[in-house]
Amino acid sequence: MPRLAANLTMLFTEVPFLERFGAARAAGVRAVEFLFPYEYEPDVVRRELEKNGLELVLFNLPAGNWAAGDRGIAADPRRVDEFRAGVEKAVRYARELGAPRLNCLAGKRAPGVSDGEHWETLVRNVRYAADALGKIGVKLMVEPINTYDIPDFFLSTTRDALRLLEEVGAPNVYIQYDVYHMQRMEGELTGTLRRHLDRIGHVQVADNPGRHQPGTGEINYRFLLAELDRLGYQGFVSMEYVPDPDTVTSLRWVEEHGFSL
């Protein structure tokens with residue numbers, strides 16, 4: 001049975017962010033993640049987690065100016081100092097919130113910068129973040145993202161993510177495998193999970209097309225999630241989708257697929 005978590009940045013958006021913790025618990029959710037907690041002091045977020053008895057499984061390193069279109073800065077050689085300052089901030093939040101894993105977004109290609117420069121910067125930055133997080137016992141995820149939704153995203157395939165892990169060479173770095181993104185980029189979902197499960201530290205799900213809840217598109221989640229169980233996956237499966245028509249209704253997919261929150 002997969003251990004399901006809800007991404008509070010994308011689910012329960014019918015209410016403001018700090019109210020989503022209570023809404024998730026009322027819906028039966030026991031574990032949560034979100035993109036960024038940095039708009040709030042960590043004690044404010046921790047209070048909502050504790051009040052609602054929720055386990056925090058993941059959030060992202062600071063990723064630049066999200067509202068202005070940034071989708072990570074880890075591969076940008078012009079923003080290394082900003083990235084490293086973000087790592088220090090994330091370490092403080094991870095320690096205070098008790099987060100066991102954080103995710104790093106490579107970001108989009110910067111104009112005028114070669115792929116070689118992007119790659120070297122990404123390797124150095126991921127190694128830096130891994131070292132900082134390793135000191136507090138936290139795992140670092142790196143997430144390949146499809147280039148249909150985010151054109152020019154620098155890290156976009158499982159193959160490149162595996163290469164990154166090899167070059168970084170840190171024992172606490174894993175792939176964050178978002179099924180939706182990888183279905184769009186490369187398919188071969190089951191084969192990838194079977195071959196590389198030991199390098200995958202976190203799984204996220206949404207269906208394709210539309211990025212809605214499982215059962216609305218082409219991905220056979222009944223099979224895929226059962227296969228994760230058969231393979232012995234011990235991590236969380238996070239629901240990071242656009243709920244249709246609303247969050248609570250969308251959660252019916254869980255029971256319909258034979259699982260539970």
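The values are calculated or read from the model by the stated rules, or taken from the named source; none is laboratory data. From a predicted model like this one, the values you see are computed outputs, not experimental measurements. Neighbour counts run over all protein chains shown; Cβ positions are idealised from the backbone, glycine included. We work out accessible area using only protein heavy atoms, side chains counted, and drop any ligands, DNA or RNA first. Shrake-Rupley method; radii C 1.70, N 1.55, O 1.52, S 1.80 Å.
If the requirement is being of a type outside the set (A, V, I, L, M), surrounded by fewer than 24 Cβ atoms within 10 Å (Cβ to Cβ) and touching a strand residue (DSSP E or B) at 6+ places or on another chain (Cβ under 9 Å), which of these qualifies: Pro144, Pro111, Pro100, Pro171?
Answer to the check: Pro100.
Could you tell me which residue of region 175-202 is farthest from Arg101 (Cα to Cα), considering only residues that are assigned to a strand (DSSP E or B) and touching a residue at least 40 places away in the same chain (Cβ under 8 Å)?
Asp178
For every residue, the table says whether it meets (1) charged (D, E, K, R); (2) open to solvent by 20 Å² or more (accessible area, probe 1.4 Å); (3) within 22 Å of Val142 (Cβ to Cβ).
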residue: His202; (1), (2), (3): no, no, yes
residue: Asp207; (1), (2), (3): yes, no, no
residue: His212; (1), (2), (3): no, yes, no
residue: Thr216; (1), (2), (3): no, yes, no
residue: Ala226; (1), (2), (3): no, yes, no
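Of all residues being farther than 15 Å from Ala27 by Cα and in a loop (DSSP other than H, G, I, E, B) in region 240-261, which is most open to solvent (accessible area, probe 1.4 Å)? Just the residue, please.
In this case the residue turns out to be Pro245.
Among the candidates Asn125, Asn208, single out the residue that is in contact with a Lys or Arg (Cβ under 8 Å, 6 or more places away or on another chain) and part of a loop (DSSP other than H, G, I, E, B).
Residue meeting the stated conditions: Asn208.
With Arg84, Arg47, Arg20, Arg78 as the choices, which residue is under 18 Å from Val254 (Cβ atoms) and either in contact with a helix residue (DSSP H, G or I) (Cβ under 9 Å, 6 or more places away or on another chain) or at pLDDT 95 or above (or both)?
It is Arg20.
Considering only residues that are of a type in the set (D, E, K, R) and in contact with a strand residue (DSSP E or B) (Cβ under 6 Å, 6 or more places away or on another chain), which ones fall in region 114-141?
To start, the set of residues in region 114-141 that are of a type in the set (D, E, K, R) comprises 115, 117, 120, 124, 127, 131, 135, 139.
Within region 114-141, just Lys139 meets the criteria.
Can you go through Arg92, Arg163 and tell me which one is touching a residue at least 12 places away in the same chain (Cβ under 8 Å), open to solvent by 30 Å² or more (accessible area, probe 1.4 Å) and more than 21 Å from Asn7 (Cβ to Cβ)?
So the residue among Arg92, Arg163 that is touching a residue at least 12 places away in the same chain (Cβ under 8 Å), open to solvent by 30 Å² or more (accessible area, probe 1.4 Å) and more than 21 Å from Asn7 (Cβ to Cβ) is Arg92.
Taking region 53-71 on its own, how many of its residues are under 19 Å from the mean Cα position of the chain (by Cα) and either without any contact (Cβ under 8 Å) to a residue 40 or more places away in the chain or open to solvent by 50 Å² or more (accessible area, probe 1.4 Å) (or both)?
Here the count works out to 9.
Could you please give the count of residues in region 2-47 that are more than 26 Å from Phe223 (Cβ to Cβ), in contact (Cβ under 8 Å) with a residue 60 or more places away in the chain and over 14 Å from the mean Cα position of the chain (by Cα)?
4
List the pairs whose first member sits in region 244-260 and is at positive phi, whose second member is loosely packed, with under 14 Cβ neighbours inside 10 Å and modelled with pLDDT under 95, and whose Cβ atoms are under 9 Å apart, counting only residues at least 6 apart or on separate chains?
Once the first residue is at positive phi and sits in region 244-260, its partners that are loosely packed, with under 14 Cβ neighbours inside 10 Å and modelled with pLDDT under 95 give Gly258/Met1.
Could you check region 228-239 and list, in sequence order, the residues that are in contact with a His (Cβ under 6 Å, 6 or more places away or on another chain) and open to solvent by 60 Å² or more (accessible area, probe 1.4 Å)?
None; the set is empty.
Give me the residue from region 72-85 that is of a type outside the set (A, V, I, L, M) and touching a Phe, Trp or Tyr at 6+ places or on another chain (Cβ under 9 Å) and, out of that set, most open to solvent (accessible area, probe 1.4 Å).
Our first condition is that a residue be of a type outside the set (A, V, I, L, M); within region 72-85, this holds for 72, 76-79, 81-84.
Still in the list and also touching a Phe, Trp or Tyr at 6+ places or on another chain (Cβ under 9 Å): 72, 76, 83-84.
On the way: Gly72: 8, Asp76: 12, Phe83: 7, Arg84: 79 Å².
Step by step, filter region 72-85, then rank; the result is Arg84.
Collect the residues in region 26-47 that are open to solvent by 30 Å² or more (accessible area, probe 1.4 Å) and over 20 Å from Gly235 (Cα atoms), keeping them in residue-number order.
Ala26, Ala27, Phe36, Tyr38, Glu39, Tyr40, Glu41, Asp43, Val44, Arg46, Arg47
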